[in-house]
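Report on one structure; see the data block that follows.
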């Protein structure tokens, strides 16, 4: 369960612009308390550290852009590569 909560919170912090960072942390911690009260402090600490390091984590090079777009939009890497080849990096 711990990994699932961390994945959910991390995805919200890094990829969902419509959810503020503090709300992502708060809701993830609140949900984790329903299942395991002991891990809520750990989850809170990890997610808050991710917020502080967000710029470093999201510093993506040209080579990583396929992987980033693949994760963000849940498409296979080969589809993203195909679209970049057809439409260009700026369009994607």
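The values are calculated or read from the model by the stated rules, or taken from the named source; none is laboratory data. The structure presented is a predicted model; accordingly, all values stated were derived computationally and were not measured. A quick note on method: Cβ atoms are made from the backbone with ideal geometry, for glycine too, and the neighbour counts reach across all protein chains shown.
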Review point. Taking into account only those residues within region 17-43 that are farther than 15 Å from residue 1 by Cβ and in contact with a helix residue (DSSP H, G or I) (Cβ under 7 Å, 6 or more places away or on another chain), which is surrounded by the fewest Cβ atoms within 10 Å (Cβ to Cβ)?
Key: 19
**Study point:** Filtered residues of region 6-23 (kept if assigned to a helix (DSSP H, G or I) and either in the same structural domain as residue 68 (by TED's automatic domain parsing) or under 10 Å from the mean Cα position of the chain (by Cα) (or both))
**Key:** 6, 7, 8, 9, 10, 11, 12, 13, 14, 15
Study note, to complete from the structure: Residue pairs qualifying under the 6 Å Cβ cut-off, at least six apart or on distinct chains, with the first in region 79-90 being surrounded by 13 or more Cβ atoms within 10 Å (Cβ to Cβ) and the second being not in a helix (DSSP H, G or I), are 83/92; 84/92
